[in-house]
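Engineer: Let me give you the structure first, and then I'll get to my questions.
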Amino acid sequence: MKRGETKSIAELVRIMCREEGLETPLNEYRLIQAWSQVLGPAVQSYTKNLQIYNQVLYVTLTSSVLRQELLMNRRALVHKLNEHVKAQVITDIVFR
């Protein structure tokens, strides 16, 4: 890096994570952690399991009523979760 090309520490860490292949797993972890922040503690109490596989978030819920409600709003949820993480992590959500 040349002397005139100064970069912030955050930018350097981001570059290093990208080069080492850690950016995607880190973003997936951040998205799973964001589930309760975006949807709130009420939805979190009915959530059993969250997994990401091939850019699809698989959510296991204990309430069939909540499953139907979230299913109708899943496009908006995908957008909100990706926006919260500030990266395109998932493309779809499957509710079980």
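Engineer: So what is the relative contact order of the chain, in percent, for Cα pairs below 8 Å that sit 6 or more residues apart? Mind dumping the intermediate values first?
Structural biologist: On the way: 90 pairs, mean separation 27.5, N = 96.
About 29 percent, as a whole number.
Engineer: Please list 3J(HN,Hα) in residue order for the stretch 44-59, calculated via the Karplus relation 6.51 cos²θ - 1.76 cosθ + 1.60 where θ = phi - 60°; whole Hz, with x for glycine and proline.
Structural biologist: 4, 5, 9, 8, 9, 8, 10, 9, 10, 9, 6, 6, 10, 8, 9, 10
Engineer: So if I place +1 on the C-beta of Lys and Arg and -1 on the C-beta of Asp and Glu, and nothing else carries charge, what would the dipole magnitude of the chain be about its Cα centre? I want it in debye, nearest 20.
Structural biologist: On the way: 13 positive and 9 negative charges, 25 e Å.
Its charge dipole is roughly 120 debye.
Engineer: Further, regarding this structure: For the chain, build the charge dipole from Cβ charges (+1 Lys, Arg; -1 Asp, Glu) around the Cα centre, then report which of 27, 56, 46 sits farthest towards its positive end.
Structural biologist: Looking along the dipole axis, the top candidate is 46.
Engineer: Taking a ≥ b ≥ c as the square roots of the eigenvalues of the Cα gyration tensor of the stretch 1-54, is the shape rounded (a/c under 1.5), prolate (a/b larger than b/c) or oblate? If you can, show how the numbers build up before the last one.
Structural biologist: Numbers: a/c = 6.88, a/b = 2.53, b/c = 2.72.
Note, shape of the stretch 1-54 comes out oblate.
Engineer: Under a Cβ-Cβ cut-off of 14 Å, what is the net charge of the residues other than residue 30 that fall near it, where Lys and Arg count +1 and Asp and Glu count -1? Mind showing how you got there, number by number?
Structural biologist: Working: positive: 14, 80, 86; negative: 23, 28, 83.
Spelling it out: positives minus negatives among the neighbours equals 0.
Engineer: Could you pull the accessible area for residue 6 with a 1.4 Å probe, rounded to 10 Å²?
Structural biologist: 120 Å²
Engineer: How much mean residue ellipticity at 222 nm does the chain get from its helices, if each DSSP H run of length 4 or more adds -39500 (n - 2.57) and you divide by all residues, to the nearest 500 deg cm²/dmol?
Structural biologist: Values: 5 runs with 55 residues, N = 96.
One gets -17500 deg cm²/dmol as the mean residue ellipticity at 222 nm.
Engineer: Now for a separate question. With every protein chain present, what accessible area does residue 75 have (1.4 Å probe, heavy atoms only), rounded to the nearest 10 Å²?
Structural biologist: Result for residue 75: roughly 140 Å² accessible.
Engineer: Per residue, how much accessible area does the stretch 2-96 show when a 1.4 Å probe rolls over the protein heavy atoms, in square angstrom? Provide the component values of the computation, followed by the final result.
Structural biologist: Values: 6710 Å² over 95 residues.
Result: 71 Å² of accessible area for each residue.
Engineer: Using the Cα gyration tensor of the stretch 32-87, with a ≥ b ≥ c the square roots of its eigenvalues, what is the shape: rounded (a/c below 1.5), prolate (a/b larger than b/c) or oblate (neither)? Before the final figure, lay out the partial values.
Structural biologist: Working: a/c = 1.44, a/b = 1.42, b/c = 1.02.
Judged from the Cα gyration tensor, the stretch 32-87 comes out rounded (a/c under 1.5).
Engineer: Please report Rg (one decimal) and Dmax (integer) in Å for the Cα set of the chain.
Structural biologist: For the chain, the Cα radius of gyration and maximum Cα-Cα distance read 16.5, 59 Å.
Engineer: Further, regarding this structure: Add +1 for every Lys or Arg and -1 for every Asp or Glu among the other residues with Cβ under 12 Å from the Cβ of residue 60, and state the total.
Structural biologist: Values: positive: 48, 67, 96; negative: none.
Local net charge: +3.
Engineer: Quick check: with the 1.4 Å probe, what order do 83, 28 take by accessible area, largest first?
Structural biologist: Numbers: 83 115, 28 55 Å².
Output order, biggest surface exposure first: 83, 28.
Engineer: Which of 95, 66, 12 sits farthest toward the positive end of the charge dipole of the chain, with +1 on the Cβ of Lys and Arg and -1 on the Cβ of Asp and Glu?
Structural biologist: Of the options given, the answer is 66.
The values are calculated or read from the model by the stated rules, or taken from the named source; none is laboratory data. Since the structure is predicted, the reported quantities are computational estimates derived from the model, not experimental observations. We place every Cβ from the backbone using ideal geometry, glycine too, and count neighbours over all the protein chains shown. Surface accessibility is based on the protein's heavy atoms, side chains included, excluding ligands, DNA and RNA. Shrake-Rupley method; radii C 1.70, N 1.55, O 1.52, S 1.80 Å.
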